[in-house]
Each structure stands twice: as C-alpha cells, then as structure tokens.
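Derivation of every value follows stated rules applied to the coordinates shown; laboratory data play no part. Keep in mind that this is a model prediction, so the values were computed, not measured. Cβ coordinates were reconstructed from backbone atoms using ideal geometry, including for glycine residues, and neighbour counts include every protein chain displayed.
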Amino acid sequence: MHPTFRMALGASVLGLALILGLAGNLFAATATVAWNANTETDLAGYKVHYGTTAGSYGTTIDVGNVTSYTVSGLTAGTTYHFAVSAYDTSGNQSALSSDVPTAIPSGNTAPVVTPPADKTVEATGPTTAVSLGTATATDAEDGTLTATASPTGPFTVGTHTITWSATDSAGATTTATQTVTVRDTTGPTVTPPADKTVEATALLTPVTLGTATAVDLVDGAVTATPDQSGPFARGVHTITWSATDAQGNTRTATQTVTVTDTTPPAKPTAPTISLQ
Ligand SMILES: [Ca+2]
Ligand SMILES: [Ca+2]
C-alpha cells in the first residue's frame, strides 16, 4: 500500500481560473480551466472535474501534466462547477480543489420589439374593434420575428395597454406596449314622440306628450326628458327632448305641440226686449 498522497492542492490551485469562450455554435460553449502547478517531484498529472452540481462532478478528464485545459461542448446559459485534482506517479490522488462555479453566457441576444403607434378611436358599440397595426420584431440571431399582441380587443370605452411580444429560437422573449384609447364623444340618438295638435279645453290645456326614445351606441337605451310638460296656452309650442350618455354627451330632438281653439262660443241666452 502506498501511503496516502497528500498535496496542498487547495492552496496551489487558488489560481484556478476559467476563460470562457463561445464556439461557432451559439449553444455550445467552451471554457478553459487553468491552475497553478504543483511542486511535488513525482507529480504525474491532473484531472479536471466538472458538472452542473457543486461537489458532484459528472465528468472527469485526465488531462495529463499540464496547467490548463479547454473543456468543450458546454451548454450555453448553464452554470457549471469546476474542480481540479492531481495525481502522482504512484497513482495517488489528491483531494479536489475548491469548487469554481461558472455561468456560461447564453450567447443569445433577445429580440427587439417596436410596437405600432398608440391609437385613439371613437366607440362604435359597447365594445369596439380596433385595428392595432403591426409591431416589428427583429433578432440578432433569427432575423425578423413575428410579434403578437395581447389583448387584441374588441375594447370597452377607456384606455387599454396592449402588450406585444416576440420570442426567439433560444426562448428569449421581449415585450413592448401600445396604448389604445376608446372614447365616446357621441350622444344618444333621440326619437321624439309624434307632433300633437289638441283642442284647447281651458286657458291652459293639459297635453299628453307621449314618450321619446333614446339609444346610445355604447350605453344602449337611455332616458329622454322634455324641457316642458305643459299645460299649454293656445298656440304652437316646441318641446325639446334631451338624453345624456354615461360620458356626458347630450343630444336633443324636438316635438311640436299645437293647441287650437276651433270651438265657437256658446250661443248667448235669448235677449230680453224692452219697448219704449
Ligand atoms: Ca436572439
Ligand atoms: Ca355615447
């Protein structure tokens, strides 16, 4: 049995350094591991250990008596743990050096998304379809990408934030926002009751005006009210019916009420005659 071979590796590999390199394939990277040389005269070589879990290295490579080694085939965007051990001519192994965790860069650039211009449109109903336009999305690796919008409408009255997003082949997503404003500046459409002509029944005649209807594109049926309700003197009267929507937009329509007097006075009582 050989005595246990002990090397002051923990101290001697303090200089363990990693030089990361990206190979031609964007998704396979290399890392160069370098360490300080041990000083034992019977030193025979080193082993590089690496894996994705600290202290549990899935791969060990006997790299011989060198002080640097380039590991290839690493997955970009992954963190690896590296350590080095030494062995002598009798086959004794040192303990592992300190663990050196290293994140391999993804080597990918996220897409650039430019949203369409903000939009303001007039409501056409309780919800309004809006042509959002098209966002542009470009990616350094993939070229032109398709950006998708969410939500796409139709939209209620108010301000809405549309998120445009594009995802590249490496799974990197970029978002950009567009603002869509749907406004209601249109008052309800008012339909007045039919014009009326009534015969006077008194100095001021009560008239049943009827009911106006009012419909708003956004709010649906709303209430219309007249500006006067009588009773009316003889003559022609213009009644203004108005209705206001939830946004404060008012529209009006008119109804004409005519009070006629075609009734002759009652015949007088028989006169009395006096002779002189
Ligand atoms: Ca990309
Ligand atoms: Ca309206």
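Connecting C-alpha atoms closer than 10 Å in a GNM of the chain, tell me which of 223, 148, 59 has the biggest fluctuation. With Cα springs under 10 Å in the chain, the top fluctuation among 223, 148, 59 is at 59. Please say if the stretch 112-183 is rounded, prolate or oblate, where rounded means a/c under 1.5 for a ≥ b ≥ c the square roots of the C-alpha gyration tensor eigenvalues, and otherwise the choice is prolate for a/b larger than b/c and oblate otherwise? Since a/c reaches 1.5 and a/b is larger than b/c, the shape of the stretch 112-183 is classed as prolate.
Take each peptide in 200-213, 230-243, count the other Cβ atoms within 10 Å of every residue, and average; sorted highest first, the result is 230-243, 200-213.
A straight chain from residue 65 to residue 98 at 0.36 nm per residue would run longer than the Cα-Cα distance by 10.0 nm. For the peptides 80-86, 41-47, the ranking by mean Cβ contacts within 10 Å, running from highest to lowest, is 80-86, 41-47. Spatial offset of the stretch 224-257 relative to the stretch 29-59 amounts to 93 Å, using the alpha carbon center of each. Treating each Cα of the chain as an identical point scatterer and summing with the Debye formula, the log10 of I(q)/I(0) at q = 0.12, 0.14, 0.16 Å⁻¹ comes to -0.90, -1.00, -1.12.
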